[in-house]
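Encoded as structure tokens, the structure appears first; notes follow it.
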Amino acid sequence: MRFLRELGTNTVISIRDLASAVAQSEEKTIDDLLIMMNRGYFKQARIVEDDSLFILDIPTFRLYKEKRNEIPEVRTEEDQYELSAEELSTERAREVINSGKNELASIREYATLINDTEFRLLTSRITDSAKSILALVEKYPDKSYALNKFSDYYLPTTAKLVETYYEFDIMHTTDPKIRKSMDDIRASLVTIAEAFEKIKVELLSDRAMDIKTDIDTINLLLNQEGYTEDDWRK
């Protein structure tokens with residue numbers, strides 16, 4: 001739990017930072033990580049760069065391999081690890097945004113070809129939420145790692161469902177199995193629309209919490225320095 005708290009939403013961290021956070025040596029930290037990896041606690045994790053960097057999942061490891069030639073050879077300064085993590089976050093955010101825009105374009109393309117107005121409104125509801133989510137990722141790249149399933153599964157599957165619905169729709173068939181599949185797709189899209197709206201709200205809630213912390217901090221500092229209204233009256 002101490003390791004997880006230090007990782008937060010990050011999926012890459014230096015062993016030095018992790019060891020410092022749990023107040024033990026780097027060697028002991030590596031031993032603990034290896035034990036936990038063997039027990040399946042971090043199922044996709046890797047320890048790389050001569051046991052100096054801990055990568056939590058496969059997408060981040062893939063980015064690391066693609067970018068490793070661009071990372072400076074000398075890594076004795078702590079801020080170099082932090083820069084690498086920032087670069088990975090930015091690259092992952094770019095991937096999420098680009099793939100997301102492609103899937104949204106596909107959804108819109110097929111939705112416009114469907115005559116059912118109610119169905120088109122449903123897809124618009126989904127694309128509006130997805131567009132807002134991608135805008136948040138663009139502004140806050142560190143949020144991209146919380147959206148792996150959204151980017152890699154939810155959105156592509158939604159695009160596939162809309163495309164399949166279009167294929168069934170142009171058949172103009174009364175076959176019970178096809179009609180049942182179309183009803184199932186519609187029901188799934190309703191669920192997806194609700195889920196995307198919840199994802200958007202969760203991302204905004206994170207920002208609201210950050211803002212509340214900033215407000216509480218500045219109010220506390222102003223009060224300590226005697227700059228609040230009551231202090232001026234006194």
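The values are calculated or read from the model by the stated rules, or taken from the named source; none is laboratory data. This one's a predicted model, so the numbers in the text were calculated from it and none came from an experiment. Using ideal geometry, Cβ is built from the backbone for each residue, glycine included, and neighbour counts are taken over all protein chains shown. Ligands, DNA and RNA are excluded from the accessible area calculation, which covers all protein heavy atoms including side chains. Shrake-Rupley method; radii C 1.70, N 1.55, O 1.52, S 1.80 Å.
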Q: Please list, ordered by first then second residue, the pairs with beta carbon atoms under 9 Å, 6 or more apart or interchain, first in the range 114-132 and closer than 27 Å to Glu202 by Cβ, second among the charged types (D, E, K, R) and surrounded by 19 or more Cβ atoms within 10 Å (Cβ to Cβ).
A: Ala130/Glu103
Q. In this structure, is Leu121 outside any helix (DSSP H, G or I), open to solvent by 40 Å² or more (accessible area, probe 1.4 Å) and either modelled with pLDDT of 95 or more or touching a helix residue (DSSP H, G or I) at 6+ places or on another chain (Cβ under 6 Å) (or both)?
A. no
Q.
Tell me whether the range 124-141 contains one or more residues that are over 30 Å from Leu63 (Cβ atoms), of a type outside the set (Gly, Ala, Ser) and more than 18 Å from the chain's Cα centre (by Cα).
A. yes
Q) Pick from Tyr153, Tyr165: which is without any contact (Cβ under 8 Å) to a residue 24 or more places away in the chain and in a helix (DSSP H, G or I)? A) Tyr153
**Q.** Filtered residue count, the range 18-55, keeping only those that are modelled with pLDDT of 85 or more and either closer than 25 Å to Ala93 by Cα or part of a loop (DSSP other than H, G, I, E, B) (or both)
**A.** 11
Q: Give the range 15-63 a look and list any residue that's open to solvent by 70 Å² or more (accessible area, probe 1.4 Å) and of a type in the set (S, T, N, Q), or say none.
A: Ser20, Asn38, Gln44
Q | Scan of the range 86-118 for residues that are assigned to a helix (DSSP H, G or I), of a type in the set (A, V, I, L, M, F, W, C) and under 17 Å from Val190 (Cβ atoms), ordered by number | A | Ile107, Ala111
Q) Restricting the search to the range 85-96, which residues are open to solvent by less than 20 Å² (accessible area, probe 1.4 Å) and either polar (S, T, N, Q) or modelled with pLDDT of 80 or more (or both)? A) Ser89, Arg92, Ala93, Val96
Q.
Here are the criteria: (1) under 30 Å from Thr90 (Cα atoms); (2) under 26 Å from the mean Cα position of the chain (by Cα); (3) open to solvent by 30 Å² or more (accessible area, probe 1.4 Å). Tell me which single one Thr217 does not satisfy.
A. (2)
**Q.** Matching residues, the range 135-150, being modelled with pLDDT of 90 or more and either outside any helix (DSSP H, G or I) or within 20 Å of Thr191 (Cα to Cα) (or both)
**A.** Phe150
Q: Can you give me the number of residues within the range 150-176 that are under 24 Å from Lys200 (Cα atoms) and either within 23 Å of the chain's Cα centre (by Cα) or exposed (fewer than 12 other Cβ atoms within 10 Å of the Cβ) (or both)?
A: 12
Q: Please work out if Thr191 is free of Cβ contacts under 8 Å to residues at least 60 places away in the same chain, over 22 Å from the mean Cα position of the chain (by Cα) and farther than 21 Å from Thr112 by Cβ.
A: no
